[in-house]
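Written out below as structure tokens is the structure these notes cover.
The values are calculated or read from the model by the stated rules, or taken from the named source; none is laboratory data. A quick note: this is a predicted structure, and the numbers were derived from the prediction, not measured. Cβ atoms come from the backbone with ideal geometry, glycine included; neighbour counts cover every protein chain shown.
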Amino acid sequence: MTEYWCEFAWLGGDTAVEGVVVEITGELITAVSRAATCPPGAERLSGLTLPGLANAHSHAFHRALRSRTQVGTGSFWTWRDQMYELARTLNPQSYHRLARAVFGEMALAGITTVGEFHYLHHGERGTPYADPNAMSEALMAAAGEAGIRITLLDACYLHGGIGTPPNEVQQRFSDGSAEAWAVRTQDALERFTTPISRVGAAIHSVRAVDSPSMRTVAEWAAERALPLHAHVSEQKSENEECIAKLGLTPVGLLAEQGVLGLSFTAVHATHLSGVDIDLLGVNGSTICMCPTTERDLADGIGPAAGLVLAGARLALGSDSHAVIDLFEEARAVELDERLATNVRGQHTASSLLRAATAEGQSSLGWHEMVGIAVGAPADLVTVSLDGVRTAGTTVDHALEAAVFAAGATDVRQVMVGGRVIVRDGRHLGFDVTAELAEVLAGPRT
Ligand SMILES: [Zn+2]
């Protein structure tokens, strides 16, 4: 049994609590109590301690595009061409090295669970590797070495667009049919489910998966009570094509095929109709917003407040990893919407922290990650409140300081299942900065 004394901790309310003792036995929190001063034998955690952050939407390899795609003009579609060029070069060995460093960066940012939306499955022209889940195995190993939890959201990806075949790079994403996807993903589920890694399902998008196939994927996930994610309405042209060819919006199509529900997460959901918002809300689905990616790609600003009002939950993702900073994602949900609506304060600091923690964790199938509470896994993140961005913070405004002022570099300590993986801002497993430099500087093969 280990005891930690948190100067401030967030126990789920609208403000932080001062002087909280967290008792950990094995991987779980076994007691939470109050003490004005650090008890003898307890380890002191200065600053604000939060439950582990969930990065609910990641494509690890996109990290290699950071700064390189910020040159010049373009759109989502020109960015996608650059991303495909990168995807062309990766194999299980190089992807393992890259993902390990990227997941290390996430650990340093306080992310204790990543939802890896994985579609780079096969070799050149779609030829399976000797082990068809070699790429999945590389990602699972990388997360384990970085010390963070992972839900591998194994994505079905069959078409280049509605009614068009995959191009040469997209062939690497395709299993050929939803049935073949299910066979491979079943193998992943059986091999890669561990105390810190799980498998879920994903429909890449309405562009890449036809209606019967999305129904197959949804049924496969529902039968196993697994989370199901899909990119939804990230682009206006995606909506226009879906309406023109199939007579429905992407959300309308997913609803018709039985995809929406409590286990479903719509990623982005940027361009929605009023009916779309109601459908996602009535079904209690989660919306994973990725504001730093959406702004980087000039995608637009999603209707987060309207979705919450309709009954949807919010999660957060760093998606393309233009930056990896869940505090930046959290505040962007509120701040971007301020610019779009001229209204302040539609999302509180505590509601944004819920999106960054319990709601994001739940969208990835980690329903037991309810927060700093007895019985929950001991995933804790401590944010400094004495750095240059946060100095002068009192307990009354500690949550606002974390959400609206702090950054990933203010994370001092990170614990996953009772095991400290980051101490004093340093990863205890490996030198993340050095590995990122090495893997990103060399030829990406
Ligand atoms: Zn994505």
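Overview of values
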quantity: Residue count, segment 112-126 (criterion: modelled with pLDDT under 95 and of a type in the set (Phe, Trp, Tyr)); calculated: 0
quantity: Test for Asp299: is it within 16 Å of the ligand (Cβ to nearest atom), crowded, with 23+ Cβ neighbours inside 10 Å and charged (D, E, K, R); calculated: no
quantity: Matching residues in segment 244-253 - criterion: being away from the ligand (no atom under 16 Å from the Cβ) and touching a strand residue (DSSP E or B) at 6+ places or on another chain (Cβ under 8 Å); calculated: Val251
quantity: Selection status of Glu145, more than 23 Å from Ala230 (Cα to Cα), away from the ligand (no atom under 16 Å from the Cβ) and outside any loop (DSSP other than H, G, I, E, B); calculated: yes
quantity: Unmet criterion (only one of (1) out of contact with any strand residue (DSSP E or B) (no Cβ under 8 Å at 6 or more places or on another chain); (2) in contact (Cβ under 8 Å) with a residue 24 or more places away in the chain; (3) of a type in the set (Ser, Thr, Tyr)) for Thr394; calculated: (2)
quantity: Check on Ser320, more than 16 Å from the ligand (Cβ to nearest atom) and over 17 Å from Thr265 (Cα atoms); calculated: no
quantity: Among the residues listed as Val343, Val333, the single one being hydrophobic (A, V, I, L, M, F, W, C) and either in a loop (DSSP other than H, G, I, E, B) or surrounded by fewer than 16 Cβ atoms within 10 Å (Cβ to Cβ) (or both); calculated: Val343
quantity: Top-ranked residue of segment 220-248 - restricted to ones that are touching a helix residue (DSSP H, G or I) at 6+ places or on another chain (Cβ under 9 Å), surrounded by fewer than 24 Cβ atoms within 10 Å (Cβ to Cβ) and charged (D, E, K, R), ranked as modelled with the highest pLDDT; calculated: Arg224
quantity: Any hit, segment 268-285, residues being within 16 Å of the ligand (Cβ to nearest atom), crowded, with 24+ Cβ neighbours inside 10 Å and either not assigned by TED's automatic domain parsing to the domain that holds Phe103 or not β-branched (Val, Ile, Thr) (or both); calculated: yes
quantity: Residue match in segment 168-189 (condition: surrounded by fewer than 20 Cβ atoms within 10 Å (Cβ to Cβ), assigned to a loop (DSSP other than H, G, I, E, B), modelled with pLDDT under 95 and not β-branched (Val, Ile, Thr)); calculated: yes
quantity: Qualifying position, being assigned to a helix (DSSP H, G or I) and either closer than 30 Å to Ala222 by Cβ or within 16 Å of the ligand (Cβ to nearest atom) (or both), among Gly360, Gly365, Gly371, Gly375; calculated: Gly360
quantity: Unique residue being touching a strand residue (DSSP E or B) at 6+ places or on another chain (Cβ under 6 Å), within 16 Å of the ligand (Cβ to nearest atom) and not charged (D, E, K, R) when the list is Ser46, Ser58; calculated: Ser58
quantity: Which listed residue is within 16 Å of the ligand (Cβ to nearest atom) and either surrounded by fewer than 20 Cβ atoms within 10 Å (Cβ to Cβ) or under 20 Å from Gln361 (Cα atoms) (or both), from Gly258, Gly200; calculated: Gly200
quantity: Filtered residue count, segment 36-67, keeping only those that are more than 24 Å from Val267 (Cα to Cα), surrounded by 14 or more Cβ atoms within 10 Å (Cβ to Cβ) and small (Gly, Ala, Ser); calculated: 3
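One line per residue, one yes/no per condition, for (1) in the same structural domain as Ala406 (by TED's automatic domain parsing); (2) over 22 Å from the mean Cα position of the chain (by Cα):
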| residue | (1), (2) |
| --- | --- |
| Ser46 | yes, yes |
| Ala60 | no, no |
| Arg66 | no, no |
| Gly74 | no, yes |
| Glu85 | no, yes |
| Arg88 | no, yes |
